Amino acid sequence: MSSVVLATAGYDHTVRFWEATSGCCYRTLQYNDSQVNKLEITSDKTRIAAAGNHKIHVYDVNSMDPNPLLTYDEHSGNVTAVGFHKDGKWMYTGSEDGTVKVWDTRASSVAQRSYESRAAVNSVVLHPNQGELISGDQTGHIRVWDLTASACSCELVPEIGTAVRSLTVALDGTMIVAANNNGTCYVWRMMRGASQTTHFEPLHKLKAHASTILKCLISPDCQQLATTSADKTVKLWNLDGFTLDRTLVGHTRWVWDCVFSVDAAYLVTASSDATARLWDLSSGEAIRTYSGHHKAVVCCALNDSAIEGRDADG
């Protein structure tokens, strides 16, 4: 089993696996149904989910079999979010069809639960408590889905009518950030109430970019926030004061996605310029370029964790 699993995908209908240090592509999967919108690797590094329009295929990471282990096809639009429970027992997805779905990965490919967001869903994240899903949609609504009660327990609307493009939750469960189409990040402190439902306290409003933010991500050590944008840059923000630490410049088109290494020392980014890049965050330099895709690369996934059950959040 590889100690580092790095994959990218996008509009050329392929998923590519890379040797992180050499930059060599060692496996290419054909995803014939559509473009690939999102990738996620299980914490045990055995499976990878690739979400497209309108299906999700799950592949064996350590096999050369080009066929998926399972296919989930109950969404009726682009699948824009995918993730796994920490033990890989279930998977969650969000779609432009306006739903958030939960799937049992051990049994059938039929959705166990489906929640109606009433607008195209752009992002879904799982609270570290594993009991709440949080979705952001095209009309600017953020909804918390309590998996125990199987209902929406909270709703936030930071900017009415401005699409929430990306959500990220700190691994220690203390903070959530929502990034929108106006280039603004909204930050809330998260607290657990007596009812075990998460409460949100507004903490900060950050004007991060002049154009659309495509991805926001809190680092595994909860020290930094990465934002990627249509302005072709990636910015790293210090979460203690929300000051700009560094701007990563090098991509020549929109930067769609990013993922930290588990030690938060490196960042992988995916761009419309048909490349992914590996950045050394201590220097701000791109130390590796992953070239091979023929069209826009819009998603990347990395799991370099050596700790059982802990994933590099993508």
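The values are calculated or read from the model by the stated rules, or taken from the named source; none is laboratory data. These numbers were taken from a predicted model, which means no experiment stands behind them. Methodologically, a virtual Cβ is constructed for each residue, glycine included, from the backbone with ideal geometry; neighbour enumeration extends over all protein chains shown. The protein model used for the area step is the full one, side chains on, heavy atoms only, and it has no ligands, DNA or RNA in it. Shrake-Rupley method; radii C 1.70, N 1.55, O 1.52, S 1.80 Å.
With N set to the number of residues, divide the alpha-carbon radius of gyration of region 234-299 by 2.2 N^0.38 Å and report two decimals.
Values: Rg = 12.0 Å, N = 66, 2.2 N^0.38 = 10.8 Å.
Taking N as the residue count of region 234-299, the ratio is 1.11.
So what are the three principal axis dimensions of region 52-127 from its Cα atoms, in whole Å, longest to shortest?
39, 24, 19
Using +1 at the Cβ of each Lys and Arg and -1 at the Cβ of each Asp and Glu in region 218-314, identify which of Ala265, Leu239, Ala286 lies farthest towards the dipole's positive end.
Ala286
Mean separation of Cα pairs under 8 Å and 6+ residues apart, divided by the residue count of the chain: what relative contact order is that in percent? Show your work: numbers first, answer last.
Numbers: 953 pairs, mean separation 44.3, N = 314.
Once normalised by length, the contact order is 14 percent.
Can you compute the radius of gyration and Dmax for region 118-199, using only the Cα atoms, both in Å?
Expressed in Å, the Cα Rg and Dmax of region 118-199 come to 11.9, 35.
Rounded, prolate or oblate: which one fits the chain, using the alpha carbon gyration tensor with axes a ≥ b ≥ c (rounded when a/c is under 1.5, else prolate when a/b beats b/c, else oblate)?
Here the chain falls in the rounded category.
Which value, in debye to the nearest 20, gives the size of the charge dipole of region 53-116 about its Cα centre, when Lys and Arg are +1 and Asp and Glu are -1 at the Cβ? Write out the running numbers ahead of the final one.
Details: 6 positive and 9 negative charges, 44 e Å.
Taking the Cα centre of region 53-116 as origin, the dipole is about 220 debye.
Can you give me the distance in nm between label points at Lys89 and Asn67, each placed 7 Å from the Cα along the Cα-to-Cβ direction?
3.0
Once the other residues with Cβ under 15 Å from the Cβ of Leu281 are scored (Lys, Arg +1; Asp, Glu -1), what is the net sum? Walk me through the numbers on the way to the answer.
Values: positive: Lys235, Arg246, Arg277, Arg288; negative: Asp221, Asp245, Asp263, Asp280, Glu285, Asp304.
Every neighbour counted, the sum reads -2.
Could you give me the radius of gyration and the Dmax of region 1-121, taking only the C-alpha atoms into account and expressing both in angstrom?
When restricted to Cα atoms, region 1-121 yields Rg and Dmax of 14.0, 45 Å.
For the chain, which whole percent of the accessible surface, found with a 1.4 angstrom probe, sits on carbon and sulfur atoms? If you can, show how the numbers build up before the last one.
Numbers: 5840 of 12200 Å².
For the chain, the apolar C and S fraction of the accessible surface comes to 48 percent.
How far apart, in nm, are two points set 7 Å out from the Cα along the Cα-to-Cβ line at Cys222 and at Ala151?
3.0
Choose one of Ala178, Ala111, Val4: the residue whose Cα lies farthest towards the positive end of the charge dipole of the chain (beta-carbon charges +1 Lys, Arg; -1 Asp, Glu; about the Cα centre).
Ala178
Between Gly98, Val61, Val79, whose Cα lies farthest towards the positive end of the dipole of region 57-109 when Lys and Arg beta carbons carry +1 and Asp and Glu beta carbons carry -1, centred on the Cα centre?
Val61
Based on the mean of other beta carbon atoms within 10 Å per residue, what is the order of 102-110, 120-128, most packed first? Can you show the working numbers first?
Working: 102-110: 14.8, 120-128: 22.2.
Highest-to-lowest ranking by the protection proxy: 120-128, 102-110.
Highest mean first, what order results for 230-239, 20-29, 175-184, 81-90 on Cβ atoms within 10 Å? Please list the in-between numbers first.
Working: 230-239: 20.0, 20-29: 14.5, 175-184: 22.0, 81-90: 18.5.
By packing density, highest mean first, the sequence is 175-184, 230-239, 81-90, 20-29.
Roughly how many Å² is the accessible area per residue of the chain, as a whole number, for a 1.4 Å probe?
Details: 12200 Å² over 314 residues.
So the chain comes to 39 Å² accessible per residue, rounded to a whole number.
Determine one quarter of the surface area of the Cα convex hull of region 146-187, which equals its mean projected area, and express it in nm² to one decimal. Don't skip to the end; give the middle numbers.
Working: hull surface 14.7 nm².
Over every viewing direction, the Cα hull of region 146-187 projects on average to 3.7 nm².
How far apart, in nanometres, would the label points at Ser283 and Asn238 be if each is projected 7 angstrom from Cα along the Cα-to-Cβ direction?
Spacing of the two 7 Å Cα→Cβ label points: 2.3 nm.
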